[in-house]
1. Rounded to the nearest 10 Å², what accessible area does residue B:369 have for a 1.4 Å probe in the complete protein model?
2. I want the local charge near residue B:85. Using Cβ-Cβ distances under 12 Å, sum +1 for each Lys or Arg and -1 for each Asp or Glu among the other residues.
3. Relative contact order for chain A: what is it in percent, counting Cα pairs under 8 Å that are at least 6 residues apart?
4. So, taking all protein chains as they sit and a 1.4 Å probe, how much accessible area belongs to residue B:66, in Å² rounded to tens?
5. How charged is the neighbourhood of residue B:125? Take every other residue with its Cβ under 14 Å from the Cβ of residue B:125, and add Lys/Arg as +1 and Asp/Glu as -1.
6. Can you spot the lysines whose alpha carbon is less than 28 Å from residue B:98's alpha carbon? Ignore those fewer than 8 places along the same chain.
7. Please give the net charge around residue A:20, taking every other residue with its beta carbon less than 14 angstrom from that of residue A:20, where Lys and Arg add +1 and Asp and Glu add -1.
8. Just reorder A:69, B:301 by solvent-accessible area, largest first, 1.4 Å probe, all chains present.
Amino acid sequence: MIPTVTQQLESIKRSLVTSVAPELPPEAAFARQQVLLIGAALDFLIECHAHEYRYAVVENAEYRTLLKELAGRASNSSTDVTDVLAEDGPAPNDAQLPLPTITEQTRRMKVLCERLYADVAAGNGADIPAVLDLQAKTAERQVEREASWFRLAGFTMDSPPIDVVLGASASGAP
Amino acid sequence: MPVDRSSSSVNDGERRLETNLQAVLDERLKRRDKGGEDRPGLTAEDAHARLTAFLTGRLDGDVEVTDVVQLAGGGANESYRFHVAHGDQSRRCVLRIKSPGACCATDAQREFVMLSTVGSILPVPEPYWVAPEPDDFGAPALITSFVDGVAAPTKDVPLATGLGTVYGPRLSKLLAPQFVQHLARLHSYDWASQPLDGFDVPRPQTTEALDWRLAFWDRSWNQDAFEPHPTITMTREWLWRNRPVVDHVSLLHGDYRNGNFLFDEDTGEIQAVVDWELCYLGDRHSDLAYAMLPAWGSPGENGEFLNAGLMDTDRFIEEYERISGLEVDRQRLDYYMVYNLYWAVISLIGTAPRNADLQLTQLDVMYNFIYPGLGAVFCRELDRRLTGAGR
């Protein structure tokens, strides 16, 4: 995804510090304090946002373990306990890969795909229509994600929200 | 999906809390049910108009309000300083409006009454008017005198090494004796003949004062927290199980620490103890332990730990006992250290993010970021004290 959320947060921070803050009048103490806080909060988000999913996975595993332990010791364990423990949760090793590692790996695959596509397309093999179809479908899904991701910029407001698009892709829906 | 916690052991429905604080929490829930406001707080122009309307008729002669400026900071109150002229008189004042999205639910009437009561024993802003209903300023509010002074040094600012205000050697020496003296006077003051409207009066030699406070914070947590927190769960149970009897009921500030008094930077004289919104009647060890929270302290010239950046623990206690005539029980001090961390965490990671989510505060950036960060420090300290974890 280009630009990344990190890149956007960094640009917002720069704009705040270089364009907004200097324009505040000296007597605007409250507004100045808020600008400083927003800048600090953006630094916090830049450092942390990419790890929210991993955080959630680790926490999920932590409380699944605690709940199992407590359920085994409590005198009265109800069905809502067994029900939630029976639900699907993330695999604990989902938390192993940091987001930048995944995106960097994906980027290397994109480069390799581009190279191999060019290689195949340069030939005259019978595979060309199939490869073209694969590439076209990938491009369609890529643009569907991008249109959804940036829908609030106003140009693709007709796109479904990103959670819907990603949910459908992850479930294998067409 | 919301989690039903009504049948769990954290249900606090049967526990009593102070009458008017229960009303404050009830009112808060009603306000939330009505939904968020268009804009939390007032603009300076709006504050100016409301002040003019409020003061006209309460002051003699033509009333002119000028120089209305919103003050920075303020978790529980939205504050403005202003100047009011009437007839041939003029005065500088502060308007403190109870923020509907405050990180602690507090009551303007109690704050006003407490300021009126303690003004004869220690320096505080003079309370002029209280508006207990939201009609005048959109929320309950009070108006006090404006006090000159600073809350933190502005000249030769020492390098901050912790979370609390740091004063440096010269100011520490000047401020420390006053800091202890004011607290000792407050706690030893015989308030029995004072009309403490808005306060329920607990009986000494019982746990009533503490029970009501614990019930208040439990209720706050249950209303505000998005989800349970294991440290809160553990601490709540520990606090109820280990509550000490309150031997002597004192007037308490509730937030007595560095940063909550104004002083003259040149003379080092404390001009006013401020921020009384958390005041209550209870055990002196509560204020003492709060002032001694590690987060507010910093190292002195020789590396010794200075409580509130001012005074080492032994000297603090020795001076306090000497001036107040009240004994300090180290075991109770430990208990109230946990109690103070507990309520602070409830405010920082429970109430603050909830009110930010409801868009009830102008401080939502701080509530979503700085407050939970400080809450993590306090949670770590709670874990360390209760289980030895985090060492």
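1. Its accessible surface works out to 40 Å², give or take rounding.
2. After counting each charged neighbour, the total is -3.
3. Contact order relative to length: 15 percent.
4. Its heavy atoms expose roughly 40 Å² to the probe.
5. For residues surrounding residue B:125, the net value is -1.
6. Within the straight-line limit of under 28 Å, residue B:98 reaches these lysines: B:30, B:34.
7. +2
8. B:301, A:69
The values are calculated or read from the model by the stated rules, or taken from the named source; none is laboratory data. None of these values were measured; they are calculated from a predicted model. Cβ coordinates were reconstructed from backbone atoms using ideal geometry, including for glycine residues, and neighbour counts include every protein chain displayed. Side chains included, ligands, DNA and RNA excluded: accessible areas come from the protein's heavy atoms. Shrake-Rupley method; radii C 1.70, N 1.55, O 1.52, S 1.80 Å.
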